[in-house]
Structures are given as C-alpha cells and as structure tokens.
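The values are calculated or read from the model by the stated rules, or taken from the named source; none is laboratory data. This one's a predicted model, so the numbers in the text were calculated from it and none came from an experiment. Don't worry about glycine lacking a Cβ; one is built from the backbone with ideal geometry, like all the others, and counts go over all protein chains shown.
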C-alpha cells in the first residue's frame, strides 16, 4: 500500500518535472518566434499558450485525482491499522491515544 502511494507521488513529481520542461521549451520557442516575425509569431504564441494551458489543466486535474486517491489509500490503511491495534491491544491503543491527545493539547496551548 505504501509503495502504491510512493509510486503515485513519484508519478506526480514526474508529471510536474515534464510540465516544467515543456514550459521551458515553450519560452525558448517564443523567444525564437519573436525574433523572426511579428504578427505571425503572436498568433503562434497564442496557439501554443492555449495548448500549454490545456495541458497544464489536464496535468493538474490528473495530479489532483492521484493525490486524492493516495490520500484515500493512506487514510484507509491508517484506519485499518488502528482497528487492528484496537482488537489486538485495546488497552495499549487507548493509552497511546490518550497520550497523543495530551501532547497535542499541550502543544496547542503554546
């Protein structure tokens, strides 16, 4: 389960790296186009910017979905672990929860 989450995070990082590279290439192309022509270059830039915007929107939607899925997997796993711990060691689990609550409360007051 943790390896799935790590793989999802790596996929998201890879997508963001690819997006940065695409933006860098677009900036280089825009510089070249501006040096070559005026109006034609602006039309080309506008078209490429639309493509980039659509690509960014798709990438961000995909990354957001994968992030939600990873978070869901983590919370499911955590819930299963707590439930299992309560069944196997109920007193220890409750004592741990009380201790964590005390620590969080102490930290919150500061």
### Query
If you go through segment 1-13 one residue at a time, how many are at pLDDT 75 or above, farther than 14 Å from residue 56 by Cα and in contact with a helix residue (DSSP H, G or I) (Cβ under 9 Å, 6 or more places away or on another chain)?
3
### Message
Name the residue that is nearest to the chain's Cα centre (by Cα), counting only residues in segment 48-106 that are surrounded by 13 or more Cβ atoms within 10 Å (Cβ to Cβ), without any contact (Cβ under 8 Å) to a residue 40 or more places away in the chain and closer than 17 Å to residue 18 by Cα.
### Response
60
#### Entry: Residue among 16, 33 that alone is at pLDDT below 75 and out of contact with any strand residue (DSSP E or B) (no Cβ under 8 Å at 6 or more places or on another chain)
33
